[in-house]
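Asks: Have a look at the structure that comes next, please.
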Amino acid sequence: MSTTPDPSTHGPLEAIRTRIKSVAVDAGRAPDAVTLVAVSKTFPVEAIVPVLEAGQRIFGENRVQEAHEKWPTLRETFPDAHVHLIGPLQTNKAKDAVALFDAIHSVDRIKLARVLAREIEAQGRHPDLFLQINTGREPQKSGALPEDADGFIATCRDEIGLHIAGLMCIPPANEDPAPHFDLLADIAQRNAIEGLSMGMSADYHTAIAHGATHVRVGSAIFGIRTQHP
Ligand SMILES: *Cc1c(COP(=O)(O)O)cnc(C)c1O
């Protein structure tokens, strides 16, 4: 794993970067308004290295254990790589998560927020925290229901003392995602929250038009996943 003097290119990554900029500009936003989180879950380090070599530095993983197996090694070569947790987090893994991740997009309940606050205090590490909102009210998905969002945010901030970097949602698979993105943006705006983690390979352009600050794009960069989702 040696870094070449000339930055190498990665076709799909380049295409997505270009598209992100142009969609942002078309929406009247700055070309660099949107952070691309390259979702490398299920992909081995050999698939991730070319994306790092092409200059991408922010990655998403959905399992603490898997991230632990891949990223300490990758960070030896790419110390400025950032890794974001985008999947569900059990409270008994909160300690590892605070130690390992630069951002956690899946803070979905008060109990987890409390445990994270304790770990942040104990470790002196401050990953960016995004609160997950279940905009589609789907029973199988995590996150606060939309009507509970303001209370969840207030508890995390005022009672638990967390800084909230943003909100996150995963719209229902077979629905127009736009109303979900708008709902998340409304909740963020009325609570003066800046970050909006929304949009995946199929809908990141729509998410950007609706205000996304972070898009989580996996298969469009790395290809089809054959392992767990
Ligand atoms: C897997 C995953 C993504 C990326 O999905 P793609 O469709 O491959 O872009 C984004 N967000 C979350 C929460 C995920 O689990």
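The values are calculated or read from the model by the stated rules, or taken from the named source; none is laboratory data. Given the structure is predicted, the values throughout are model-derived calculations rather than measurements. Heads up, the Cβs are rebuilt from the backbone with ideal geometry, glycines too, and the neighbour counts pull from every protein chain shown. When the accessible area is computed, the model is the full protein with side chains, heavy atoms only, and any ligands, DNA or RNA have been set aside. Shrake-Rupley method; radii C 1.70, N 1.55, O 1.52, S 1.80 Å.
Asks: Restricting attention to region 205-227, which residues are part of a loop (DSSP other than H, G, I, E, B) and either within 10 Å of the ligand (Cβ to nearest atom) or aromatic (Phe, Trp, Tyr) (or both)?
Replies: Of the residues in region 205-227, the ones part of a loop (DSSP other than H, G, I, E, B) are 210-213, 218, 223-227.
Listed by number, the residues that qualify are GLY218, GLY223, ILE224, ARG225.
Asks: Could you figure out which of (1) open to solvent by 70 Å² or more (accessible area, probe 1.4 Å); (2) within 16 Å of the ligand (Cβ to nearest atom) isn't true of SER106?
Replies: All conditions are met except number (1).
Asks: Taking the residues in region 50-78 that are within 16 Å of the ligand (Cβ to nearest atom) and small (Gly, Ala, Ser) as candidates, determine which candidate is nearest to HIS10 (Cα to Cα). Working first, answer last.
Replies: Applying the first criterion (within 16 Å of the ligand (Cβ to nearest atom)) to region 50-78 yields 51, 56, 58-67, 70.
If we keep only those that are small (Gly, Ala, Ser) too, we end up with 60, 67.
Working: GLY60: 18, ALA67: 22 Å.
Only one residue tops the list, namely GLY60.
Asks: Please tell me if ALA202 is within 12 Å of the ligand (Cβ to nearest atom) and either in a loop (DSSP other than H, G, I, E, B) or within 17 Å of the chain's Cα centre (by Cα) (or both).
Replies: Details: within 12 Å of the ligand (Cβ to nearest atom): yes; either in a loop (DSSP other than H, G, I, E, B) or within 17 Å of the chain's Cα centre (by Cα) (or both): yes.
Here the answer is yes, as ALA202 does meet what is asked.
Asks: Of all residues in region 120-147 being charged (D, E, K, R) and at negative phi, which is surrounded by the fewest Cβ atoms within 10 Å (Cβ to Cβ)?
Replies: If we filter region 120-147 for residues that are charged (D, E, K, R), which is where we start, we get 121, 125, 128, 137-138, 141, 147.
Those still in the list that are at negative phi too: 121, 125, 128, 138, 141, 147.
Working: GLU121: 12, ARG125: 13, ASP128: 18, GLU138: 13, LYS141: 17, GLU147: 8.
Filtering region 120-147 for residues that are charged (D, E, K, R) and at negative phi, the one surrounded by the fewest Cβ atoms within 10 Å (Cβ to Cβ) comes out as GLU147.
Asks: Scan region 42-90 for residues that are loosely packed, with under 15 Cβ neighbours inside 10 Å and polar (S, T, N, Q) and jot them down.
Replies: The answer is GLN65, THR73, THR77, GLN90.
Asks: Taking region 171-229 as the search range and keeping residues that are modelled with pLDDT of 95 or more and of a type in the set (D, E, K, R), which one is least open to solvent (accessible area, probe 1.4 Å)?
Replies: Checking each candidate, the answer is ARG216.
Asks: Oh, and also: Restricting attention to region 130-170, report how many residues are touching a residue at least 40 places away in the same chain (Cβ under 8 Å) and part of a loop (DSSP other than H, G, I, E, B).
Replies: Residues flagged as touching a residue at least 40 places away in the same chain (Cβ under 8 Å) and part of a loop (DSSP other than H, G, I, E, B) within region 130-170 amount to 7.
Asks: While we're on this one: Does VAL34 qualify as being aliphatic (A, V, I, L, M), within 16 Å of the ligand (Cβ to nearest atom), farther than 25 Å from THR226 by Cβ and in contact (Cβ under 8 Å) with a residue 24 or more places away in the chain? Please lay out each step first, then the result.
Replies: Values: aliphatic (A, V, I, L, M): yes; within 16 Å of the ligand (Cβ to nearest atom): yes; farther than 25 Å from THR226 by Cβ: yes; in contact (Cβ under 8 Å) with a residue 24 or more places away in the chain: yes.
Yes; evaluated as a whole, the condition is true for this residue.
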